[in-house]
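Peer 1: Sharing a structure with you now.
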Amino acid sequence: MAQIQERGSTHVYKVNKISKEEMESMVERCVYEHPPFCSAACPLKLDARAFLEAAAAGNFKKALQLYEKIAPFPLVLAMGCEAPCEQKCRIGEIGDAVQIRAVEEAVSRFGQVQKLGSIFRTRKKKSVVLFGSGLFALFLAGEIEKKAYPLTVFCEESDLESFLHTETGFLDEDAFRAELKRLKGKDIQFAFGCTIDRAFFEEKRAAFDVVCASPAVRKKVFPDAVSIPALMYCENEKLVSGPYAGVMDAAFGAKKAALTVDRLAQNLDPRNTRGQEGPVESALYTDLSEAMALTKTPVSSAGYTKEEAIEEASRCIQCRCEECLKSCAYLAHYKKHPGLFAKEIYNNTQIIMGDHQLNKPMNSCALCGQCTVVCPNGVDMARVCLDARRNMVSTDKMPLAPHEFALLDMLFSNDEAFLSRTQPGFESCKYVFFPGCQASAIAPETVKAAYLDLCERLDGGVALMLGCCGAIGDWAGRTELEAQTKEFLDRELSKLGDPIVIAGCPTCKKELQSHEGLRIIGIWDVLLKIGLPEGGHGLERPAALHDSCGARGDKSTQSAIRELAQKLDCTLVDTPYSGDRSPCCGYGGLSAYANREVAKELTDKCLERSDAPYISYCMACRDRFAREGRESKHILELIYGTDAGAPPDISEKRYNRLTLKKELRWELWQEETKEMKLDYDLRYTEEARRMMDERMILTDDVIAVMDEVRKTGACIFDEESGLYIACRRIGNATFWVKFSREGDESYLVHRAWSHRMQVVKREG
Amino acid sequence: MAEKNYYTIDPEGKLKCMKCGVPLIKGKAKFMYLDNGFPVELPVCPVCGFVYVPEELALGKVASVERALEDK
Ligand code: SF4
Ligand code: SF4
Ligand code: SF4
Ligand SMILES: [Zn+2]
């Protein structure tokens with residue numbers, strides 16, 4: 001029996017770098033974390049998407065909290081803002097932009113004002129002074145107070161009301177009252193009625209660590225001062241100040257100025273570590289196909305009512321790029337967008353000591369390539385996950401356990417179950433039919449019918465090759481195994497006279513395409529050319545056609561299958577995500593071996609597209625859909641009028657391959673196979689059979705255990721259950737069988753289990 | 001100092017080695033995987049040394065330690 005060497009130790013300390021640049025370019029391509037267009041355009045970086053989401057939900061409290069993050073005086077900003085966000089709103093491209101400013105105004109009016117515990121909070125040590133009044137000064141005072149610097153304001157106005165009045169004439173009475181209340185609640189010292197000239201300024205500033213002034217005061221005191229616009233700072237005068245032209249400029253200026261104050265207070269250069277300030281371009285992608293309400297809610301002069309604001313906020317489509325997460329069940333399962341996921345998976349490969357927590361996730365991807373097609377930027381998670389797997393294998397960090405069964409199955413296909421013969425009567429052949437390992441495992445009768453048909457109707461001889469194309473080794477990241485398989489197949493093909501391969505499976509077709517000098521066509525191409533055999537017919541009911549992920553990007557295969565379906569009189573229903581956008585059935589990438597749950601979710605996602613029966617052209621798809629209880633047919637079953645029936649379990653899949661080989665050898669080449677009959681009677685309870693399938697235990701494994709018991713007599717008797725228990729180490733696992741004796745030469749298997757750890761008796 | 005055992009099962013005389021015809025007893029054993037070892041106490045045949053790993057142990061503790069080591 002074939003074996004694969006388990007890695008020797010967990011103590012292997014090497015790391016084979018996969019290109020960091022490549023990973024980074026993939027990460028950068030994903031625009032998931034880009035800001036929505038509205039936020040990108042806002043100089044103050046309001047999280048407008050979250051703000052509108054809260055407002056739409058009627059949660060004005062939360063909406064106001066978000067808005068207050070950028071606006072210490074929300075009504076002043078909301079009522080005066082020029083709203084650059086609205087210019088960039090995505091739905092503005094196909095209808096009216098969301099009236100963000102008007103919603104902000106309503107939220108500021110109706111939202112609950114936060115109680116600030118300003119009296120009890122700890123203030124910072126350094127003190128700040130601000131001379132003057134007006135919008136810039138007002139906003140700056142608010143920002144500095146928010147940063148908890150003790151702030152003193154010297155202004156010419158006689159009281160707080162007049163201070164607030166300056167340059168805020170656009171506020172109505174209610175708004176003014178509300179903002180006055182807010183201002184009163186702030187922890188700011190005011191000195192009113194000051195005459196601010198150079199002498200006054202110099203006298204007062206000495207007592208403070210950082211000095212700020214309104215644009216008007218600056219002009220008066222230092223008419224020649226040069227301000228650095230990015231910092232709102234006059235370096236020579238050591239004065240924070242800034243010019244402005246409108247409400248938004250004042251607010252943005254105040255924001256920059258406040259950061260400068262912060263840096264100066266810490267004796268740091270105000271130029272450094274400022275982060276990205278101001279509006280940016282966003283490369284976010286948003287699907288507009290579901291945008292509904294394209295007309296804005298009309299605004300009266302009094303602004304929106306609460307209800308109107310909710311209605312308008314609800315028009316926001318919450319711009320997000322989630323194309324891949326919407327279509328791929330694997331990504332949806334882990335709730336991670338590829339930009340983040342790729343980085344984590346890359347990091348996983350770089351861990352030398354410690355837990356590789358991303359092993360399971362990286363092994364769960366179906367490597368199907370759907371994401372690359374649906375992503376507006378072609379992000380390729382299959383590449384990321386496959387590179388990661390290869391890297392883990394090459395550094396001896398990859399566990400064998402998740403893939404061992406599949407890899408052994410591949411070796412089985414190309415060993416015990418392998419068959420390569422020229423058509424009887426031919427020395428070498430023009431063609432070779434390569435149905436693929438899954439076809440022989442799941443629908444042996446169909447394979448037989450197809451082969452006989454091809455032999456009969458094609459000239460030049462059709463050889464037969466039953467085996468695995470090597471995709472399994474590829475998916476597992478085992479490049480050596482893949483290369484060995486390739487060499488092996490090439491050798492066998494040359495013995496047949498290097499025929500043209502007629503692939504029965506799109507994944508085989510794709511995998512074999514990597515062989516140099518090999519010509520490959522699909523059986524679907526051949527059947528279109530020579531016509532359908534007698535006796536085939538479509539399904540009675542309309543059916544959904546599921547495109548195989550192996551045929552992604554292979555338009556000619558996709559359309560050939562559709563043509564065949566038409567010739568069979570099938571009525572096909574339209575499904576979302578078909579053709580190149582098709583999801584994987586869950587077999588791809590060995591997903592089903594590494595993570596059953598994800599694989600099932602992938603299958604469900606396929607089936608969710610339609611209630612109709614499914615027609616597929618990959619046997620693995622056919623099998624997985626049938627397993628979920630859906631009426632499921634491979635197109636070859638329809639063409640040849642065969643019925644593969646209920647999905648086989650893992651042992652039956654092996655048995656089917658051996659039996660097909662045996663039958664064909666006998667019927668076509670008159671070769672006899674040594675009968676491998678057991679010389680005792682071995683049966684299984686239904687529960688045992690189900691358990692074995694779930695636990696990946698083959699009847700062959702059980703037979704090996706029983707052979708051993710019969711030979712050595714080593715087993716134990718469990719009084720409690722009245723059953724016998726035996727075990728045997730096979731390859732990298734120990735298999736246990738619990739059985740009863742039903743007579744001298746007859747056994748009934750009740751339970752079976754296995755573990756990979758080795759157990760030995762310890763002395764002492 | 002008492003030595004640490006990761007797991008202990010006592011067969012309580014309910015299991016019998018068919019080859020040696022004696023009951024299994026609680027004995028010292030060791031699990032080995034990927035170059036790591038764990039001492040345990042399991043039902044062992046005092047004559048031939050057969051060590052029994054019950055289903056619950058194999059699918060429970062053993063499986064979870066396997067998973068953890070595999071991802072090291
Ligand atoms: S589709 Fe997915 S991978 Fe592509 S940009 Fe959008 S979130 Fe990122
Ligand atoms: S639709 Fe919403 S999230 Fe998108 S740009 Fe407009 S306001 Fe922003
Ligand atoms: S399962 Fe397919 S669509 Fe999803 S991430 Fe992997 S390759 Fe992309
Ligand atoms: Zn014994």
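Peer 1: Relative contact order (percent) for chain A, with alpha-carbon contacts under 8 angstrom and 6 or more residues of separation?
Peer 2: Reported relative contact order: 12 percent.
Peer 1: What percent do you get for the relative contact order of the stretch A:95-167 when only Cα pairs under 8 Å and 6+ apart count?
Peer 2: 30 percent
Peer 1: Now a separate question. Based on the alpha-carbon gyration tensor of chain A and its eigenvalue square roots a ≥ b ≥ c, which shape applies: rounded if a/c is under 1.5, prolate if not and a/b is larger than b/c, or oblate?
Peer 2: Prolate shape, in that a/c is at least 1.5 and a/b is the bigger ratio.
Peer 1: What are the chymotrypsin sites (Phe, Trp or Tyr not before Pro) within the stretch A:137-210 that DSSP puts in a loop, where the Cβ has at most 15 other Cβ atoms within 10 Å?
Peer 2: Those satisfying the criteria are A:170, A:192.
Peer 1: Buried by at least 40 Å² relative to the chain on its own: which residues of the stretch A:743-764 qualify, computing accessible area with a 1.4 Å probe on protein heavy atoms?
Peer 2: Those residues are A:753, A:755, A:756, A:757, A:758, A:759, A:760, A:761, A:762.
Peer 1: I've got another one for you. Heavy-atom accessible surface, probe 1.4 Å, ligands and DNA/RNA ignored: which residues of the stretch B:4-27 lose at least 30 Å² versus the isolated chain?
Peer 2: For the stretch B:4-27, once contacts with the other chains are taken into account, B:14, B:15, B:16, B:18, B:19 lose 30 Å² or more.
Peer 1: Extension gain residue A:82-residue A:573, at 0.36 nm per residue separation less the Cα-Cα distance, in nm?
Peer 2: Length gained between residue A:82 and residue A:573: 171.7 nm.
Peer 1: To the nearest 100 Å², how much accessible surface do chains B and A cover up together, summed over both, with a 1.4 Å probe?
Peer 2: Approximately 3600 Å² gets buried when B meets A.
Peer 1: If you don't mind, another one. Over the Cα atoms of the stretch A:301-460, what radius of gyration and what Dmax do you get, in Å?
Peer 2: Rg, Dmax (Cα atoms, Å): 25.4, 93.
Peer 1: Which lysines does residue A:326 reach when only Cα atoms under 26 Å apart count, and residues fewer than 8 places away in its own chain are ignored?
Peer 2: List returned: A:88, A:335, A:336, A:343, A:360, A:555, A:600, A:605.
Peer 1: Just to confirm the number: angle between the C-alpha axis of helix A:650-669 and the first principal axis of chain A, 0 to 90 degrees, nearest 10?
Peer 2: 40 degrees
Peer 1: Using only protein heavy atoms and a 1.4 Å probe, report how much of residue A:735 is accessible, in Å² to the nearest 10.
Peer 2: Here the residue's solvent-accessible area equals roughly 20 Å².
Peer 1: I need to check one value: relative contact order of the stretch A:112-258, counting alpha carbon pairs closer than 8 Å and at least 6 residues apart, in percent.
Peer 2: 29 percent
Peer 1: By accessible area of protein heavy atoms, probe 1.4 Å, what ranking do A:690, A:630 get, highest first? Working shown, then result.
Peer 2: Numbers: A:690 125, A:630 55 Å².
Of A:690, A:630, the descending order of accessible area is A:690, A:630.
Peer 1: Could you tell me how far the Cα centroid of the stretch A:618-646 sits from the Cα centroid of the stretch A:518-583, in Å?
Peer 2: 14 Å
Peer 1: Compute the accessible area per residue over chain A, keeping the other protein chains in place, probe 1.4 Å, unit Å².
Peer 2: 43 Å²
Peer 1: Would you mind computing, in nm to one decimal, how far apart the modelled labels at residue A:357 and residue A:518 are, each placed 7 Å from Cα along Cα→Cβ?
Peer 2: The two pseudo-label positions are separated by 4.1 nm.
Peer 1: Could you state the orientation-averaged shadow area of the convex hull built on the Cα atoms of the stretch A:402-651, in nm² to one decimal?
Peer 2: Values: hull surface 49.2 nm².
Result: 12.3 nm².
Peer 1: Sticking with this structure for a sec: What lysines sit close enough to residue B:26 to cross-link, taking a C-alpha to C-alpha distance under 21 Å and skipping anything fewer than 8 places away on the same chain?
Peer 2: Filter leaves A:738, A:761, B:4, B:14, B:16, B:61.
Peer 1: OK, next. Can you pull out the GluC sites (Glu not before Pro) in the stretch A:369-458 whose DSSP state is coil and whose Cβ has at most 16 other Cβ atoms within 10 Å?
Peer 2: Numbers: sites: A:404, A:416, A:427, A:445, A:456; in loops: A:416, A:427.
When the GluC sites (Glu not before Pro) of the stretch A:369-458 are filtered for loop state and at most 16 Cβ neighbours within 10 Å, A:416, A:427 remain.
Peer 1: Could I ask something else about it? Any idea what Rg and Dmax come out to for the stretch A:128-265 if you just take the C-alpha atoms, in Å?
Peer 2: When restricted to the Cα atoms of the stretch A:128-265, Rg and Dmax are 13.8, 42 Å.
Peer 1: Residues with beta-carbon under 10 Å from that of residue A:472, excluding residue A:472: net charge, scoring Lys, Arg +1 and Asp, Glu -1?
Peer 2: On the way: positive: A:478; negative: A:409, A:474, A:482, A:511.
Here the count lands on -3.
Peer 1: Relative to the first principal axis of the alpha-carbon coordinates of chain A, what is the inclination of helix A:100-110, with its axis defined by its Cα atoms, in degrees from 0 to 90 and to the nearest 10?
Peer 2: Once rounded, one gets 70 degrees.
Peer 1: What do you get for the angle between helix A:444-457 and the principal long axis of chain A? Use alpha-carbon atoms, 0 to 90 degrees, nearest ten.
Peer 2: Roughly 70 degrees, rounded to the nearest 10.
Peer 1: Now a separate question. When Cβ neighbours within 10 Å are restricted to other protein chains, what is their mean count per residue of peptide B:29-38?
Peer 2: Average per residue, whole number: 6.
Peer 1: Of the GluC sites (Glu not before Pro) in the stretch A:200-297, which ones lie in a loop per DSSP and count no more than 13 other C-beta atoms within 10 Å?
Peer 2: Filter output for the stretch A:200-297: A:235, A:281, A:290.
Peer 1: Students often forget the sequence filter, so: which aspartates and glutamates lie under 20 Å Cα-Cα from residue A:125 once same-chain residues fewer than 8 apart are removed?
Peer 2: A:143, A:145, A:187, A:209, A:262, A:269
Peer 1: Mind counting lysine pairs for me in the stretch A:128-265? Cα separation below 15 Å, and the two need to be 8 or more apart along the chain or on different chains.
Peer 2: Count of close lysine pairs: 9.
Peer 1: While we're on this one: Output the antiparallel fraction of DSSP beta bridges having both residues in chain A, as a percent to the nearest 5. Write down the numbers at each step before the final one.
Peer 2: Working: 25 of 60 bridges.
DSSP beta bridges in chain A are roughly 40 percent antiparallel.
Peer 1: About its Cα centre, what dipole magnitude does the protein assembly as shown give when the only charges are +1 on Lys and Arg Cβ and -1 on Asp and Glu Cβ, stated in debye to the nearest 20?
Peer 2: Charge dipole of the protein assembly as shown: 2240 debye, to the nearest 20.
Peer 1: Residues with beta-carbon under 13 Å from that of residue A:683, excluding residue A:683: net charge, scoring Lys, Arg +1 and Asp, Glu -1? All intermediate terms of the calculation are to be shown ahead of the outcome.
Peer 2: Details: positive: A:689, A:741; negative: A:681, A:686, A:687, A:742, A:745.
Net charge around residue A:683: -3.
Peer 1: Please report the net charge: other residues with Cβ closer than 10 Å to the Cβ of residue A:154, K and R +1, D and E -1.
Peer 2: Result for the local shell: +1.
Peer 1: To check my understanding: the extent here is largest minus smallest coordinate of the Cα atoms along each principal axis. What are those three numbers for the stretch A:681-755, in Å, largest first?
Peer 2: 28, 26, 24
The values are calculated or read from the model by the stated rules, or taken from the named source; none is laboratory data. The structure displayed is predicted, hence computed values, not measured ones. Reconstructed Cβ throughout: ideal geometry from the backbone, glycine too, with neighbour counts over all protein chains shown. Just the protein is used for accessible areas: all its heavy atoms, side chains included, with ligands, DNA and RNA removed. Shrake-Rupley method; radii C 1.70, N 1.55, O 1.52, S 1.80 Å.
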